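Notes follow the structure.
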Amino acid sequence: MISVVVPVYNEEPNLPLLMDRLESALRATGESYEIIYVDDGSRDNSLEVLKGFVGRPASGSSSSRGTTDSTRRSSRGSPSSGGTSS
């Protein structure tokens, strides 16, 4: 199985094209695959776009099955201010 991990940060307009191109390239291998997107705290609607990919069946040959495995929002908080004030 081929696993592809894609970090995502504010990529809303690019995600559908990326998904289509990744699936096309992975289907061409003839291997089973998974695509794992990791949203790293995007401030746009990237996470909503990714949620739309969850469970999306791969098109094409039944011999190469693919799914979008998961979407996750990063647990990292915003950077601290370092204790300085103005």
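Remark: Ser42, Ser24, Ser32 ranked as Ser24, Ser32, Ser42, counting other beta-carbon atoms within 10 Å and listing the fewest first.
Take Tyr9, Tyr37 and order them by how many other Cβ atoms sit within 10 Å, fewest up front. Please list the in-between numbers first.
Values: Tyr9 13, Tyr37 26.
Listing Tyr9, Tyr37 from fewest to most nearby Cβ atoms yields Tyr9, Tyr37.
Residues Glu31, Glu12, arranged from fewest to most other Cβ atoms within 10 angstrom of their Cβ, appear as Glu31, Glu12. Using θ = phi - 60° in the Karplus curve 6.51 cos²θ - 1.76 cosθ + 1.60, the 3J(HN,Hα) couplings for the range 14-20 round to 8, 5, x, 5, 4, 4, 4 Hz; x is entered for Gly and Pro.
Rounded, prolate or oblate for the range 1-40? Axes are the square roots of the Cα gyration tensor eigenvalues, ordered a ≥ b ≥ c, and the cut-off for rounded is a/c under 1.5. It comes out oblate by the Cα gyration axes.
Readers should treat all values here as calculations from the given coordinates under stated rules, not as data from a laboratory. Note that the structure is a prediction, hence the values are computed from the model and not measured. Here the Cβ is made from the backbone with ideal geometry for all residues, glycine too, and neighbour counts use every protein chain on show.
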